[in-house]
1. Which pairs do you get when a residue that is under 22 Å from Leu9 (Cβ atoms) and free of Cβ contacts under 8 Å to residues at least 60 places away in the same chain, found in segment 81-93, comes within reach of a residue that is in a helix (DSSP H, G or I) and not aromatic (Phe, Trp, Tyr), reach meaning Cβ atoms under 8 angstrom, with the pair 6+ apart or on two chains?
2. Which pairs do you get when a residue that is more than 22 Å from Ile47 (Cβ to Cβ), found in segment 114-139, comes within reach of a residue that is not in a strand (DSSP E or B), reach meaning Cβ atoms under 6 angstrom, with the pair 6+ apart or on two chains?
3. Considering segment 139-158 alone, what residues qualify as being more than 14 Å from the chain's Cα centre (by Cα) and either closer than 16 Å to Gln112 by Cα or surrounded by fewer than 12 Cβ atoms within 10 Å (Cβ to Cβ) (or both)?
4. Tell me, please, whether a residue that is outside any loop (DSSP other than H, G, I, E, B) and either acidic (Asp, Glu) or in contact with an Asp or Glu (Cβ under 6 Å, 6 or more places away or on another chain) (or both) can be found in segment 50-65.
5. From the list Asp41, Asp98, which residue is of a type in the set (D, E, K, R) and either crowded, with 24+ Cβ neighbours inside 10 Å or closer than 20 Å to Ile12 by Cβ (or both)?
6. Among what's in segment 117-138 and is part of a strand (DSSP E or B) and of a type outside the set (Gly, Ala, Ser), pick the residue that is surrounded by the fewest Cβ atoms within 10 Å (Cβ to Cβ).
Amino acid sequence: MLSRSRSGLRRIGVISDTHGWVRPEAVEFLRGADFIIHAGDIGDARILEELAALAPLTAVRGNNDTAPWARKVAETQVLKVDDVSIYVLHNLAELAVDPAGYRVIVSGHSHQPKVEERAGVLYVNPGSAGPRRFKLPISIGELRVEGAEVKAKVLECAS
């Protein structure tokens, strides 16, 4: 578990389903983030290197991350920023913990961007920042954390 506690607003970039490609506009959006979360289907170890060069990175393995490099990537991760606990996994359908123990659950897999709060838990899926799938948008997300407060949004990329 990575934990940082420093006063002030913290920006966490959230990305998923890159499938081996980080779009330039996604890199630009993530630049300046305090942390980055990648919610799986990374596609290539170089993606992790590129993102880690921008900010501290928390990443999980997706169902398509089957190459030998991916064995080093955990299936789930926990990140704590200020007073906000964030649980990260690829496929929300495989959530095997009580979500009430976390303020935020970040997932990917569906390629469908979504921010939804249920029973005090914020569920965030940034959608896909990789190759376009069907007619789904290309998108990326962010969390803004200050103390125990957290806000989420998902933005559609231009291309």
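1. Ser85/Gly101; Tyr87/Pro99; Tyr87/Gly101
2. Listed by first residue and then by second, the contacts come to Val121/Pro99.
3. Of everything in segment 139-158, those that are more than 14 Å from the chain's Cα centre (by Cα) and either closer than 16 Å to Gln112 by Cα or surrounded by fewer than 12 Cβ atoms within 10 Å (Cβ to Cβ) (or both) turn out to be Ala148, Glu156, Cys157, Ala158.
4. For segment 50-65, residues outside any loop (DSSP other than H, G, I, E, B) and either acidic (Asp, Glu) or in contact with an Asp or Glu (Cβ under 6 Å, 6 or more places away or on another chain) (or both): present.
5. Details: Asp98 fails: either crowded, with 24+ Cβ neighbours inside 10 Å or closer than 20 Å to Ile12 by Cβ (or both).
Unique residue meeting the criteria: Asp41.
6. Here is the first cut: in segment 117-138, the residues part of a strand (DSSP E or B) are 117-118, 121-125, 128, 138.
Applying the additional criterion that residues be of a type outside the set (Gly, Ala, Ser) yields 117-118, 121-125, 138.
Details: Glu117: 13, Arg118: 9, Val121: 16, Leu122: 20, Tyr123: 17, Val124: 28, Asn125: 26, Ile138: 22.
By that ranking, first place goes to Arg118.
FYI, it's all coordinate maths here, none of it is from the lab. What you see is a predicted model; the values in this text were computed from it and never measured. For neighbour counting, all protein chains shown are included, and Cβ atoms are generated from backbone atoms with ideal geometry for every residue, glycine included.
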